[in-house]
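Beneath this line is the structure, given in structure tokens, with notes to follow.
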Amino acid sequence: KHNLTVLAGQTYQQDDFRSVQAVGGGLTQPYILNLGNATDYSVFDNIQESSLFSLLGRVNYSFDDKYFITGNLRYDGSSRFNPDVRFEYFPSVSAAWKIHNEFELPDFINTLKLRGGWGEVGNQEIGNYLYQRTINRGIPYQFSGGPTVVGAAVTVPIDENIQWETRETSSVGIDANMFNGGLDFTVEYYRNTSRDVLVNTPIPLSNISGAFPEGGILTNGGSIRNSGIELSAVYRQNIGDDFSFEIAPNFYTVNNEILEIANQDFITGAGTRNQPGRSLGEHYGWVYDGIFQSGDEVANAPFQTPGTAAGDIRFRDLNDDGVIDDADRTFLGEGLPTYYYGINITANFKNFDFTIFGQGAGGNLINSNLYRGLMPTTGYTNWHEDILNRWTPDNTNTGVPRVVFGDPNNNQRDSDRPGWLQDGDYFRINTISLGYTLPDNVASKLYMSNARFFVTLQNVAVFSKYKGYNPDFQAGILNPGFDFGTYPRPMTTMLGVQLKF
């Protein structure tokens with residue numbers, strides 16, 4: 001009744017990279033593009049090496065095909081970290097109980113399993129040598145009244161103590177098979193915590209000079225937790241001898257929370273604030289409270305800017321101090337989706353097969369750089385058609401402020417004014433496919449064992465209120481809800497044939 005397996009192993013991976021680039025200039029006529037014709041040229045040689053060393057072990061034990069337990073241990077070392085923190089242990093353990101082998105269950109339940117697990121894995125997917133301080137030996141400096149002198153300076157800020165990012169995962173779930181294999185169902189609760197997250201963190205403006213980039217510094221920026229429930233099912237049905245279908249829906253929730261930010265109270269992104277106790281990349285700004293309709297309304301409202309007039313946005317005075325300033329900003333909504341879902345349907349009728357797959361997400365708001373760029377209330381540029389509904393003395397029932405040169409009230413600021421934060425809910429039909437397989441007797445006459453013809457459509461349609469191109473765009477870690485601008489996904493039609501001889 002006992003079953004025990006033990007695995008021990010060691011892996012080693014080394015990556016070598018080299019890039020040689022030559023740049024020449026000062027060519028003379030007839031301008032033959034050849035380095036030999038250049039009067040001055042430079043050669044850049046970039047050599048990078050990295051390695052990953054691992055020891056691993058696994059123990060699997062089961063008893064009477066009822067109880068199962070698995071333990072894993074990894075010992076990983078990466079050259080991308082300081083030698084003092086280069087090696088780290090990552091353990092994991094899981095267990096399962098086949099309830100159907102323990103108790104007699106109702107006839108409609110074929111199998112029922114309870115399972116759970118906990119484990120850690122590491123992340124070292126960063127660039128090479130980022131923990132090492134480097135010196136740029138080509139920094140020019142002009143002394144007063146003297147010639148230009150070439151010196152050296154540290155030009156890239158670093159954190160010498162960056163270390164492994166650790167992701168801790170725990171879950172408990174139930175798997176069931178019912179109705180003689182007609183239905184598979186899974187429900188699971190999960191909680192994933194990422195500690196020492198490797199992220200580019202902004203540095204204070206006082207530390208930025210001509211020698212330091214504004215992109216920030218790579219560091220272990222804190223801890224983030226995701227938790228939620230996952231539901232998935234597969235329903236199968238045969239109708240007669242010629243028709244069968246399968247429906248596989250799934251749904252899961254995501255509750256995201258920042259647990260800790262190293263050495264800072266919060267980190268800002270594009271229109272976001274990342275703060276412990278809140279979700280990652282929450283939109284942050286002023287609260288829209290309508291549009292001023294007259295000068296008297298402006299005079300009786302909390303002071304905003306000297307140039308505020310009728311047609312400007314009225315922002316809410318959250319701290320009731322009579323002035324609209326930075327202290328009146330607040331969190332405006334989730335930048336990350338709070339739930340995801342999808343469905344896959346397949347069907348077969350005689351020699352025809354059909355597939356349709358779609359997926360979606362929701363519960364978030366999108367800050368569209370493209371839309372905001374086309375809705376300026378100042379200057380002269382191309383505009384979105386929504387600007388036609390701007391406020392004028394004859395069009396006061398609108399959420400679009402007036403167009404005025406200079407925008408003295410800064411109506412363009414981050415806020416929840418209409419259109420600035422858009423509904424991110426969407427459903428996309430990703431794939432529709434229809435195929436036909438030749439009967440075996442026909443294919444054999446053509447010296448083939450199988451022949452299938454098909455037509456497939458990809459990126460068929462997306463259902464969303466979002467005014468940008470893609471509601472499922474990819475953005476930065478600190479501002480996941482900010483759409484910097486993405487190309488629309490083209491719908492693709494494919495005609496094909498699969499032949500097996």
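The values are calculated or read from the model by the stated rules, or taken from the named source; none is laboratory data. Since we're looking at a predicted model, the values are computed, not measured. With ideal geometry, Cβ positions are generated from the backbone for all residues, glycine too; neighbour counts draw on all protein chains shown. For the accessible areas, the whole protein counts, side chains as well, though only heavy atoms, and no ligand, DNA or RNA atoms are used. Shrake-Rupley method; radii C 1.70, N 1.55, O 1.52, S 1.80 Å.
Give the ranking of S50, S42 by solvent-accessible surface, highest area first, calculated with a 1.4 Å probe.
S42, S50
Using the beta-carbon distance between Y67 and V6 and R0 = 22 Å, what value does 1/(1 + (r/R0)^6) give for FRET efficiency, to the nearest 0.05? Show your work: numbers first, answer last.
On the way: r = 18 Å, r/R0 = 0.80.
E between Y67 and V6, to the nearest 0.05, is 0.80.
Evaluate the relative contact order of the chain (contact order divided by residue number), counting alpha-carbon pairs under 8 angstrom at least 6 apart; express in whole percent.
That works out to 9 percent.
Remind me, relative contact order of the stretch 75-207 in percent, using alpha carbon pairs under 8 angstrom and six or more residues apart?
Reported as a whole number, the value is 25 percent.
What percent does the relative contact order of the stretch 1-42 come to when contacts are Cα pairs within less than 8 Å and at least six residues apart? Provide the component values of the computation, followed by the final result.
Numbers: 26 pairs, mean separation 13.6, N = 42.
Reported relative contact order: 32 percent.
Please name which of T166, G228, P140 has its Cα lying farthest along the dipole of the stretch 102-244 towards the positive end, using unit charges on Cβ (Lys, Arg +1; Asp, Glu -1) and the Cα centre as origin.
Selected residue: P140.
Cβ under 14 Å from L55's Cβ, L55 left aside: what net charge do those residues give with Lys, Arg +1 and Asp, Glu -1?
On the way: positive: R58, R74, R86; negative: D76, E88.
So the environment of L55 carries a net charge of +1.
If packing is taken as the mean number of other Cβ atoms within 10 Å per residue, what is the order of 239-251, 144-156, 420-432, 289-301, highest first?
Descending packing order for the listed peptides: 420-432, 289-301, 239-251, 144-156.
Assuming R0 = 45 Å, what is the FRET efficiency of V497 and A22, from their Cβ-Cβ distance, to the nearest 0.05? Please report the intermediate quantities before stating the final value.
Values: r = 48 Å, r/R0 = 1.06.
With R0 = 45 Å, the Cβ-Cβ based efficiency is 0.40.
Which Cα, out of L105, G290, Y252, lies furthest along the positive dipole direction of the chain (beta carbon charges, K/R +1, D/E -1)?
Sorting the options by dipole projection puts first L105.
What residues qualify as long-range amide H neighbours of Y339, i.e. H under 5 Å apart, gap of 5 or more or another chain, H built at 1.01 Å from N?
V254, G362
For the stretch 18-48, which chymotrypsin sites (Phe, Trp or Tyr not before Pro) are both in a DSSP coil and crowded by at most 11 other Cβ atoms within 10 Å?
Here the chymotrypsin sites (Phe, Trp or Tyr not before Pro) that fit, given the DSSP loop and packing criteria, are Y31.
Taking 0.36 nm per residue of sequence separation and subtracting the Cα-Cα distance, how much length would be gained by fully extending the chain between Q132 and K350, in nm to one decimal?
Answer, rounded to one decimal: 72.0 nm.
Among 104-111, 479-486, how do they line up from the highest to the lowest mean number of other beta-carbon atoms within 10 Å?
On the way: 104-111: 11.5, 479-486: 20.2.
The peptides rank, most packed first, as 479-486, 104-111.
Given Cβ point charges of +1 (Lys, Arg) and -1 (Asp, Glu) and nothing else, what value in debye, to the nearest 20, does the dipole of the chain about its Cα centre take?
In total the dipole reaches around 1300 debye.
Rounded to the nearest percent, how much of the accessible area of the chain (1.4 Å probe, protein heavy atoms only) is carbon and sulfur?
On the way: 15790 of 28990 Å².
Carbon and sulfur atoms account for 54 percent of the accessible area of the chain.
In terms of the ratio Rg/(2.2 N^0.38 Å) built on C-alpha atoms, what value belongs to the stretch 1-75?
Cα Rg divided by the expected 2.2 N^0.38 Å: 2.52.
Between L198 and residues 5 or more places away or on another chain, which pairs have amide H atoms under 5 Å apart, with H built 1.01 Å from N, and which residues are they?
For L198, the qualifying residues are G221.
So how much slack lies between V43 and L114, counting 0.36 nm per residue of separation and subtracting their Cα-Cα distance, in nm?
19.3 nm
Go through [x] 28.2; [y] 40.8; [z] 27.0 and flag the label whose value is the computed mean projected area of the Cα convex hull in nm² for this structure.
Among [x] 28.2; [y] 40.8; [z] 27.0, the one calculated here is [y].
Calculate, for T338 and T398, the FRET efficiency according to 1/(1 + (r/R0)^6) with r their C-beta to C-beta distance and R0 25 Å; round to the nearest 0.05. Working shown, then result.
Numbers: r = 31 Å, r/R0 = 1.22.
My answer for the efficiency is 0.25.
Solvent-accessible area per residue for the chain at a 1.4 Å probe radius, Å²?
Result: 58 Å² per residue.
Please sort by residue number the chymotrypsin sites (Phe, Trp or Tyr not before Pro) in the stretch 341-384 whose DSSP state is loop and whose Cβ has at most 15 other Cβ atoms within 10 Å.
Those satisfying the criteria are Y380, W383.
So what are the ³J(HN,Hα) numbers for the stretch 39-53, from phi and the Karplus equation (6.51, -1.76, 1.60; θ = phi - 60°), rounded to whole Hz, Gly and Pro as x?
Values per residue, Gly and Pro as x: 7, 8, 7, 9, 10, 10, 10, 10, 10, 9, 9, 8, 8, 9, 10 Hz.
Distance from the Cα centre of the stretch 263-310 to that of the stretch 49-69, in angstrom?
52
Using θ = phi - 60° and the Karplus curve 6.51 cos²θ - 1.76 cosθ + 1.60, what whole-Hz ³J(HN,Hα) does each residue of the stretch 189-201 get, with Gly and Pro shown as x?
9, 10, 8, 10, 10, 9, 10, 6, 4, 7, 8, 6, 9
Taking θ = phi - 60°, what integer Hz values does the Karplus form 6.51 cos²θ - 1.76 cosθ + 1.60 yield along the stretch 265-272, in sequence order, with x for Gly and Pro?
For the stretch 265-272, the Karplus-derived couplings read 7, 6, 10, 9, x, 6, x, 10 Hz, x marking Gly and Pro.
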